[in-house]
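Reading through the structure tokens given below for one structure.
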Protein chains: 2
Amino acid sequence: MASYCSITVDLGERSYPIIIGSGLLAGGYDLAASVDGPDCLVVSNETVAPLYLDTLKSSLHGREVAEFNLQDGEAWKTLDASAAIVDKLVDMGANRDTTVIALGGGVVGDIAGFAAACYMRGVALIQVPTTLLAQVDSSVGGKTGVNHARGKNLIGAFHQPRLVLIDTDTLATLPDRELKAGLAEVIKYGAIADAEFLAWLEQNIDTLIARDADTLAHAIQRSCEIKAEIVADDERETGRRAVLNFGHTFGHAIEHCVGYGEWLHGEAVAAGMIMAAKLSSIDDGSVERLRELIARAGLPVAPPMVGAKQLRAAMGMDKKVQRKQLRFVLLNKLGDAHVTAEFDPAALEDVLGAAG
Amino acid sequence: MASYCSITVDLGERSYPIIIGSGLLAGGYDLAASVDGPDCLVVSNETVAPLYLDTLKSSLHGREVAEFNLQDGEAWKTLDASAAIVDKLVDMGANRDTTVIALGGGVVGDIAGFAAACYMRGVALIQVPTTLLAQVDSSVGGKTGVNHARGKNLIGAFHQPRLVLIDTDTLATLPDRELKAGLAEVIKYGAIADAEFLAWLEQNIDTLIARDADTLAHAIQRSCEIKAEIVADDERETGRRAVLNFGHTFGHAIEHCVGYGEWLHGEAVAAGMIMAAKLSSIDDGSVERLRELIARAGLPVAPPMVGAKQLRAAMGMDKKVQRKQLRFVLLNKLGDAHVTAEFDPAALEDVLGAAG
């Protein structure tokens, strides 16, 4: 067994570990021990499966392993895709003790997770995220779901995994653009919860982009620690967990307006974080620090030219809307955030105005 | 306010009341007080809506009320039906604080409940069951879901309602066949959990079929008490809750083989309970007592002539199968049941042989 770091998401009887390390798929972690029943279904996609499926299967000794590949990309994150996984589970005669293993990025994890949540009202799920974004964000915390033609993640379920297995070796094949998109969520954790980590990111952003293994591992670990702590505190997002959506109200609207998959989720969140920072009552210097870090990460610092009206309409469908009132995650200062329905409408118009 | 009886399903912060009484929709209960947000969607069907929708709406003063009608019948309990409700929620600009109200029988409650479970990862649900079967069983306990072409309730979620509102006046318009189908589940509670209640049913079965209001109200109340107690003990059916499926392994197989909707769920469960009783190690006199009560309730006491082989194949897809092993709910005696994978294979062949 290789060495690894383990972080527990503390949710009582639904607690589970996040395992982070190198060489974990290639024998470094006993994955089969986390598969309770006799069989499992590995859901991946046409891009990731050729790279890691065989290695993963070698960790599943003694288990019947079925495979299902999705099409690659956010555009395919639909109810039909989850339904196709359910069909596959029926085909293989899967029962309540079958385990679904999601091998891939956030899209694979969200679709496969939702299928696992719905099949027989919930079967076990293991997340094996292979993109930085999925490793630091979407694979942890139990949010699963698919997009609706008129809104992102409008159909879904909370369904916690039994295990999140993060093999940092999988980042070797990740395109630069996706690595940077993942860094957007890493920066988010610093901005909302840990000023010290944000300062560390400012010092190490170039090393991260150069894919230094130890530096990436530390960034993943600290991100997962922050997410695990917030999720344990508010699993169903009745309160504090919503701070994890910093930049996401704007980000989701951007994704919706340009069409899913045109901008990567992390890119939209990057621009969205700067918009949210501008809407916050923080000093210009802090906004500028965040803007500079995001720029150095190679991420967009302004929304696309889609028009303020379109963005505003798309935000009306955001899940954070309560009693028909828009809500935002705003910064108190770098490293500290809150959710609020109170903001300066004129400032919002300024921020949206930048979208042309 | 009319008088009513209230039973609490005790699930910590997800606890909720089951309210049972007469005249509750027509002003006897303040339904609007249970709708937290500004708006709600009443999901019903083409049969029930003309009878009770206007009355229900009169209880929703001060709330925006949207309506959606499903087609009537188990054959329409599909993923498409739940997706159509989600479309309607998107159309009306529903948010996380929107409430879904299911007005109808078990099919309406299951489909609407699943849509409420999935929309934005879960919005509030109120069950207003209008059939005896839904009042004593499907509206209580949080099981929601739809059928797959190859198995009943294969797609679904646990999603507890905020309130179950049972107006016994709605039974006035229930066809005799459906009333009797509901009595199958009432008899089930006696058989698995309460010998005294079973004896009471033997004394009152004719009065129940004659629709005496007070006798029906007592049967509903005792059934809900038993279900609430079992659900509170094992919400996710990891153990004891499975006894509620007495007769259902056979019953689901029957429904599947004859085609959903040909036999009512309660009718299939009635025949299934006798099959399960025969498979149990109980004396012939007890089996005969159960058979006689079910016959007096006007329910089938034997499976349809679909063939043992077909029934066995359909049972292979049952959710209670673990590690590819069939499991049954068997009686220790009348009023006491357990779940087991241990049974006499020859006895199973005998029981299935009765199916032709």
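Of note, A:Ala81 satisfies the criterion of being within 14 Å of chain B (Cβ to nearest Cβ), more than 19 Å from A:Arg121 (Cβ to Cβ) and under 26 Å from the mean Cα position of the chain (by Cα).
Scanning the range B:146-181 for residues that are closer than 18 Å to B:Val9 by Cα, within 12 Å of chain A (Cβ to nearest Cβ) and touching a residue at least 60 places away in the same chain (Cβ under 8 Å) yields a count of 1. Quick check: anything in the range B:93-101 in a loop (DSSP other than H, G, I, E, B), acidic (Asp, Glu) and touching a residue at least 60 places away in the same chain (Cβ under 8 Å)? Within the range B:93-101, one or more residues are in a loop (DSSP other than H, G, I, E, B), acidic (Asp, Glu) and touching a residue at least 60 places away in the same chain (Cβ under 8 Å). Over 30 Å from B:Gly251 (Cα atoms) and within 14 Å of another protein chain (Cβ to nearest Cβ): is that true of B:Thr55 in this structure? Here the answer is no, as B:Thr55 does not meet what is asked. Evaluating B:Ile155 against the criteria (1) outside the structural domain of B:Leu125 (by TED's automatic domain parsing); (2) touching a strand residue (DSSP E or B) at 6+ places or on another chain (Cβ under 8 Å) leaves one unmet condition, (1). For A:Thr47, the stated conditions hold: it is more than 25 Å from B:Ser82 (Cα to Cα) and among the polar types (S, T, N, Q). Just one of the numbered conditions (1) at pLDDT below 90; (2) away from chain B (no Cβ under 14 Å); (3) touching a Gly at 6+ places or on another chain (Cβ under 7 Å) is not true of A:Met317: (2). Scan the range B:92-145 for residues that are more than 10 Å from every other protein chain (Cβ to nearest Cβ) and over 17 Å from B:Gly37 (Cβ atoms) and the total you get is 25. The range B:10-78 holds strands (runs of 3 or more DSSP E) entirely within its bounds, and those carrying 3 or more residues that are surrounded by 15 or more Cβ atoms within 10 Å (Cβ to Cβ) and touching a residue at least 60 places away in the same chain (Cβ under 8 Å) map to B:16-21, B:39-45. A:Glu255: buried (at least 21 other Cβ atoms within 10 Å of the Cβ), charged (D, E, K, R) and more than 14 Å from chain B (Cβ to nearest Cβ), yes or no? Against the criterion (buried (at least 21 other Cβ atoms within 10 Å of the Cβ), charged (D, E, K, R) and more than 14 Å from chain B (Cβ to nearest Cβ)), A:Glu255 qualifies. In the range A:18-40, which residues are of a type outside the set (Ser, Thr, Tyr) and either in contact with a Cys (Cβ under 8 Å, 6 or more places away or on another chain) or under 10 Å from A:Tyr4 (Cβ atoms) (or both)? Within the range A:18-40, A:Ile18, A:Ile19, A:Ile20, A:Gly21, A:Gly23, A:Leu24, A:Gly28 qualify. Only one of the numbered conditions (1) in contact with a helix residue (DSSP H, G or I) (Cβ under 8 Å, 6 or more places away or on another chain); (2) at pLDDT 95 or above is violated by A:Arg150, and that is (2).
For the range B:193-201, the count of residues that are in contact with a strand residue (DSSP E or B) (Cβ under 8 Å, 6 or more places away or on another chain) and either over 24 Å from B:Arg296 (Cβ atoms) or buried (at least 21 other Cβ atoms within 10 Å of the Cβ) (or both) is at least one. Looking at B:Val287, is it β-branched (Val, Ile, Thr) and more than 14 Å from chain A (Cβ to nearest Cβ)? Yes: the conditions hold for B:Val287.
Within the option set B:Ala355, B:Ala302, B:Ala337, B:Ala313, being closer than 17 Å to B:Ile254 by Cβ and surrounded by 17 or more Cβ atoms within 10 Å (Cβ to Cβ) holds for one residue only, B:Ala355. Scanning the range B:116-147 for residues that are of a type outside the set (Gly, Ala, Ser), part of a helix (DSSP H, G or I) and farther than 15 Å from B:Gly266 by Cα yields a single hit, B:Cys118.
Restricting attention to the range A:16-42, the residues being of a type in the set (A, V, I, L, M, F, W, C) and within 14 Å of chain B (Cβ to nearest Cβ) number 2.
Just to check your reading of the model, which residue among A:Ile85, A:Ile101 is more than 16 Å from A:Tyr29 (Cβ to Cβ) and either among the β-branched types (Val, Ile, Thr) or in contact with a Ser or Thr (Cβ under 7 Å, 6 or more places away or on another chain) (or both)?
Answer to the check: A:Ile85.
The values are calculated or read from the model by the stated rules, or taken from the named source; none is laboratory data. Note that the structure is predicted; figures quoted are calculated from it, not measured. Neighbour counts are summed over all protein chains in view; Cβ atoms, including those assigned to glycine, are modelled from backbone coordinates with ideal geometry.
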